[in-house]
1. For a Förster distance of 51 Å, can you work out the FRET efficiency between the beta-carbons of A:Asp310 and C:Asp292, rounded to the nearest 0.05?
2. Looking at the protein assembly as shown only, what percent of DSSP beta bridges run antiparallel? Nearest 5 please.
3. May I have the extent of the alpha carbons of region C:177-236 along their three principal axes, as whole Å values ordered from largest to smallest?
4. State which helices in chain C qualify, where a helix is a whole DSSP H run, it must extend 24 Å or more along its own axis by its Cα atoms, and its mean Kyte-Doolittle hydropathy must be at least -0.5.
5. Under a 5 Å amide H to amide H cut-off, with H placed in plane at 1.01 Å, what residues pair with B:Leu198 once short-range neighbours are removed?
6. Ordered by packing density, taken as the mean number of other Cβ atoms within 10 Å over each peptide's residues, highest first, how do B:280-293, B:35-48 rank?
7. Given the Cα-Cα distance of A:Tyr16 and A:Met317 and 0.36 nm per residue of separation, how much length would full extension add, in nm?
8. At what distance in angstrom do the alpha carbon centres of region C:160-199 and region B:111-166 lie from each other?
Amino acid sequence: MNLLEVRDLYVKYRSYWYTYHVLDGITLRVSPREKVGLIGESGAGKTTLLKSILQILPPQGRIVRGEVLWKGVDLLKADKGYVMNVRRKGIGMIFQDPLSALNPVFKIKDQLLEVLRYSYDGYSKSELLSLAEELIRSVLLPDPARVLESYPFQLSGGMRQRVVIAMALASAGDLLLADEPTTNLDVTIQDQILRLIDRLVIERGLSMILVSHALGVVAKMTHRVYTMYAGNIVEEAPTPKLFNEPLHPYTKLLIENVPRISSRRLGEGIKGNPPDYRYPPPGCRFHPRCPYAVDICKKVKPFCVKVSRDRRVACHMYSEGLEKVDGDVNAN
Amino acid sequence: MVEDLKKYFRTPRGIVKAVDGITFSMDLGETLALVGESGSGKTTTAHVIMGFYTPTEGLVTYKGIDIGIPVEKRPLWLKREIQIVFQDPATSLNPKNTVKDILDAALRVHASGTKLERLNKMLELMNYLGLPEEHLFKRPTELGGGEKQLVALARALAVDPDFIILDEPTSALDVSAQSKVLKTLSRIQRDRRVSYLLITHDLGVVRNISNRVIVMYLGKICEESETDELFSKPLHPYTQMLLSSVPAMTKEDEKVLPVRIESRGEIPSAINPPPGCRFHTRCPFAMEICRREEPPACNAGASSHVVRCWLYSSRTRV
Amino acid sequence: MTSRDLSTIARKEREVRLENLKRAWFRFSRNRLAVAGLIILTTVVVMALSAEYVTPYPSHAGLYINFEERYQPPNPKHVLGTDMYGRDVFTRVVFGFRYALMMVGVVLGIVVPAGTVLGLLAGYYKGTLIDHAINGASEVFVAVPPLVLALAICSILEPNVFNALLAITLMWWPWYARMVYSMTSSLRNEPYVWAAKALGMRTVDILFRELLPNMLGPILTKATLDASWVVIIGASISFVGLGAQPPTPDLGTMLSEYCRYLPAYWWMTLGPLLGIIVLVLSFNLIGDGLRDVFAGE
């Protein structure tokens, strides 16, 4: 059984004047112990998707329809207590900016205990404290006692991110959501953090959804990748296949345009800007920027087709003669 | 152009030796990349060249003239010749001004001329950088990240500089915009023969647009080489660590990565830098001598390849 | 490039400006109360400017005595009644608006630009002699309670409208200087300021073209909210007899003259009181609306 399954999820944001049609029918799946990547430009809706899974969308955000199945139970229909329990004990999230994810006026100890208190109800204070110390040790921070007594500003960026990971681990019983866990970190520190996350996920038998716009990070860390563009999942494939032979034009362009260390070949960039969510383009949302766009792309939204045993893509170029699949390829 | 430059900052916790004796020079029309982790002193170096800080010690010369003076006191011709493009165009462009205001401000300072002439120049620039005309009346907040950075570039180009400092020009941009900006940078260099000093920690960017690379660590230069040589034969353990930390995306990328040196530790504070070789605290090959004495500059491989590391001290010293 | 293109571009520029104004108005008009405030204030300003024509008895503004009509409660002939000399209270209040608005105009007209310029200079040259001089001076003025300072100045000098204005102006500028100072000292390290320096822009241009536009929102909002304070403090000074002297139809002066006749002739006090309330309320409502406009940008 899938650990987490998102089916046909639509999310809107509302401001006073406008409605932003952000998530436009997302379907994705995470198996136990699987590491899944989510790539796409900023503003593609990646963070919104993670927040919808945890149901921590801001008040303007609204889930229009769809299902978020956690171990087979739809979180959107489940009662509040169950959802709360999933947040506390099932899913942990690493937030993007380690500086703003930690409250600057409290000691690390207090912030960590606050999280632990919810995830481990019924534990005594001293038990919680030793749990906290153990967590800090597990993220390879030297001198846990001292770290616990410090304030966030006394730690370096890399150390803060380790603390944030420790906090996420406290509530990650089964699934870790990592939202750009290494943005703003130096490449050397990024490498250390990624190795740490990888080790912890494997050791604890967790699943992970890793969101990043740094493609290399996703390539290195995951088993399977989803490409997201403007609130749609446009391609899904096992990681090596996606990066070495991408199918969807957007994925292709994305990969071509990363400045690589292996060659002096630069892509042409992707023309235009991401779409305005107030008035998303009809048909395929990528068509205004797509070099291969034809008439049908402007009118009909492409459905997902299964192009091989473990790949699916939402693009008219591949849809001919293939059958529409709604759910996940591997599930069929 | 930069000789034994030192820049120290006085702070309540001690003297921060941000840049501690670095020497390098640049040729006309080349791109020199300064790479290293944050805290290695690369941005400080750039800001001293710009005159945002004055050097504590050492000399910064440009075309033979000492330019170790604050930017406010520099003659106008000098300000015209050296320009800078900052990391985040969202903050380097005034959010309240339109693109036209921003470009006009630059033009008014240097190229006197009628309103019409300035407008023509603006349109020419926008055209050259592939920005549509109607952006002229937009504010930066209405533009995409890549477009904003192109506007920042247009502002720098408006005064016809010979030398542009690029301070992390693409790290705030999305992938789709990065390569456009980088391509534009290369095109400008071809057309106008400007020199670039590229400050970045993205080795992919370095590989793609620079001719020469200087690797800095904690205020010192560890390695200096032609770009291709550095990527095919990195010598300094720190360079190797940097390179092996880059996550490989495809099979080709993996081939380029050198012997893997696992990244460990963090860059120490520049207030009390470690004695000897500053990298010894994180270096897997650290020897006794590394802790005591600073490594000499050695020539290894190609003549332009200089490395400061005891591992190569048996080779020709420079 | 031909001149036709230039005119197209100029037209386009005007269009964009108009569009921006429209958007700002849209945000402002969302706040119904602010629109109400604006309508009230506009009415008040128009009435005050054309007081000679819109009031029923313009001659009642100053010295005028008609004992036959004194102490009349509000009636169709005298909407707000008449005072102890038989003058129409409504007429006097409308003329009173003129003084109050003049005071607001003069005080803010001096205080806002002066405070802003001083704050910009002090903030931009933070840590230098300029900074210390300006901030030292502003601290002196801030240390003295405003009303006390104003009273002191008015009592040392001759009590009249001009000195009241001087007093208010002196005690007000430091607040703008301080607000602008704190904004400048954080904004001056923004990369766009460094970029402007690197381009060789003159300091004056950096201050007024780069920094000032980014502070205009808070300054204007504060100025509008402060306008109501100027009305109140101006009235207070006059009330204690140190501002405008009778028979000047100043709202504060009128209040102090008429309150002696409370409670029997309550309508006399009610007139200037309503006047003050209307002014204060409309300025505050507009200020809130402006805050929304700038917050939405």
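1. On the way: r = 53 Å, r/R0 = 1.03.
With R0 = 51 Å, the Cβ-Cβ based efficiency is 0.45.
2. Numbers: 57 of 92 bridges.
Approximately 60 percent, going by the DSSP bridge assignments.
3. 51, 17, 15
4. Values: long enough: C:3-30 (41 Å, -1.13); C:32-49 (26 Å, 2.33); C:89-124 (50 Å, 1.72); C:161-187 (39 Å, 0.86); C:216-239 (33 Å, 1.31); C:266-295 (43 Å, 1.35).
For chain C, where a helix must reach 24 Å along its axis and average at least -0.5, the hits are C:32-49, C:89-124, C:161-187, C:216-239, C:266-295.
5. B:Leu32, B:Ala33, B:Leu34, B:Leu166
6. Working: B:280-293: 15.5, B:35-48: 23.4.
Order by mean packing, descending: B:35-48, B:280-293.
7. On the way: separation 301, 0.36 × 301 = 108.36 nm, distance 3.87 nm.
Gain in length upon complete extension: 104.5 nm.
8. 31
Every number in this text was worked out from the coordinates using simple rules, so none of it is lab data. On a predicted model such as this, the values are computed, not experimentally measured, just so you know. Glycine gets a Cβ as well: all are built from the backbone with ideal geometry, and neighbour counts include every protein chain shown.
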